[in-house]
Amino acid sequence: MITDKNAVDILYQNNEIATDSIVKKPVLSYYRTLNLEELSMYAPAWFIEIESSTDTQTKRVDAIMGLF
């Protein structure tokens, strides 16, 4: 599993975080990857709140694969 720092680095290296943004503390949680009638599957993810001069966004980075 990747660390919260790795998740922020991945977003920054892929130009998802502007240089003048404020990055809030990442939160490790889960997101639904599969939703069937009687079955749901979840995967761990880092949720990172990014505050810029114009808005605030929350980005999700898969904590296993490092994909956003």
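The values are calculated or read from the model by the stated rules, or taken from the named source; none is laboratory data. On a predicted model such as this, the values are computed, not experimentally measured, just so you know. Cβ sites come from the backbone with ideal geometry, for glycine too, and all protein chains shown count toward neighbours. The area values use the complete protein model at the heavy-atom level, side chains included, leaving out ligands, DNA and RNA. Shrake-Rupley method; radii C 1.70, N 1.55, O 1.52, S 1.80 Å.
A few points about this structure:
- Going through (1) touching a strand residue (DSSP E or B) at 6+ places or on another chain (Cβ under 7 Å); (2) under 14 Å from T58 (Cα atoms) one by one, R32 falls short only on (2).
- When residues of segment 23-33 are limited to those that are within 20 Å of M1 (Cα to Cα) and in a strand (DSSP E or B), the one most open to solvent (accessible area, probe 1.4 Å): Y30
- Filtering segment 23-42 to residues that are charged (D, E, K, R) and at pLDDT 95 or above leaves K24, K25, R32.
- Cβ-Cβ distances below 9 Å connect the following pairs, each with a first residue in segment 43-58 that is at pLDDT below 95, a second residue that is open to solvent by 60 Å² or more (accessible area, probe 1.4 Å), and a separation of six or more residues or different chains: S52/D20; S52/I22; S53/D20.
- Among residues of segment 38-47, those that are open to solvent by less than 90 Å² (accessible area, probe 1.4 Å) and either hydroxyl-bearing (S, T, Y) or in contact with a Ser or Thr (Cβ under 7 Å, 6 or more places away or on another chain) (or both), counted: 4
- Unique match (being modelled with pLDDT under 95 and either surrounded by 12 or more Cβ atoms within 10 Å (Cβ to Cβ) or not in a strand (DSSP E or B) (or both)) among D9, D20: D20
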